[in-house]
Amino acid sequence: MIVRTLSDLKGTKGDVRTPSWSSQRFLHHEDGMGFTMTDTTVEAGMDQVIWYKHHLEACYVIEGEGTIEDLATGTVHALAPGTLYALNDHDRHRLRARTRMRLVCAFNPALTGGEVHDADGAYRAR
């Protein structure tokens, strides 16, 4: 059984912070669950193109408002508490936060620890 709290993650490889977002990663590849679960905060005003070439991601918005744009189609979806979006086809997208947003996210395959976005928006190890 794995039991972790947000305070357990502080200062570990599961505590990843950038100027525009932070991600507290509760599970990693080494935990053997096959996915990563995060508590992610996106700061108001963030506008970033993201493309998970090697991961699928699902996010559930629990606080804040913004939009997600499918860059292949130009379709823009509003994000607000109670909204889930799933990037089920390695969808290249633009995430915009109108207000500070908090999301619970799941990644498959699991992250190894410390990943941040590269120039394409894909994850790379730090």
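Say whether the condition of being closer than 22 Å to Ile2 by Cα, within 15 Å of the chain's Cα centre (by Cα), aromatic (Phe, Trp, Tyr) and not in a strand (DSSP E or B) is met by at least one residue in the range 32-50. Yes - at least one qualifying residue is present in the range 32-50. Whenever a residue of the range 88-110 is farther than 14 Å from Cys59 by Cα and surrounded by fewer than 15 Cβ atoms within 10 Å (Cβ to Cβ), its partners that are of a type in the set (S, T, N, Q) and at pLDDT 95 or above, lying with C-beta atoms within less than 9 angstrom and at least six residues away or across chains, give the pairs Pro109/Thr36. Scanning the range 70-85 turns up one or more residues that are exposed (fewer than 12 other Cβ atoms within 10 Å of the Cβ) and within 15 Å of the chain's Cα centre (by Cα).
May I ask you to verify whether Glu57 is touching a Lys or Arg at 6+ places or on another chain (Cβ under 9 Å) and charged (D, E, K, R)?
Here the answer is no, as Glu57 does not meet what is asked.
Assessment of the range 57-67 against the conditions (surrounded by 14 or more Cβ atoms within 10 Å (Cβ to Cβ), without any contact (Cβ under 8 Å) to a residue 24 or more places away in the chain and not in a strand (DSSP E or B)) yields no matching residue. When the residues of the range 15-25 are narrowed to those that are surrounded by 15 or more Cβ atoms within 10 Å (Cβ to Cβ) and touching a residue at least 24 places away in the same chain (Cβ under 8 Å), which ends up nearest to the chain's Cα centre (by Cα)? Restricting to residues being surrounded by 15 or more Cβ atoms within 10 Å (Cβ to Cβ) and touching a residue at least 24 places away in the same chain (Cβ under 8 Å), the top hit is Ser23. Condition check for Lys53 on (1) more than 12 Å from the chain's Cα centre (by Cα); (2) over 16 Å from Glu115 (Cβ atoms); (3) among the basic types (Lys, Arg): one failure, at (2).
Once the range 68-80 is narrowed to residues that are out of contact with any Asp or Glu (no Cβ under 7 Å at 6 or more places or on another chain) and in a strand (DSSP E or B), the residue that is farthest from Ile50 (Cα to Cα) is Ala78. Kindly evaluate Thr12 against the criterion of being part of a loop (DSSP other than H, G, I, E, B), exposed (fewer than 12 other Cβ atoms within 10 Å of the Cβ) and without any contact (Cβ under 8 Å) to a residue 12 or more places away in the chain. The answer is no for Thr12.
The values are calculated or read from the model by the stated rules, or taken from the named source; none is laboratory data. Just so it is clear, the model here is predicted, and its values are computed rather than measured. Note that we place each Cβ from the backbone using ideal geometry, even for glycine, and neighbour counts take in every protein chain shown.
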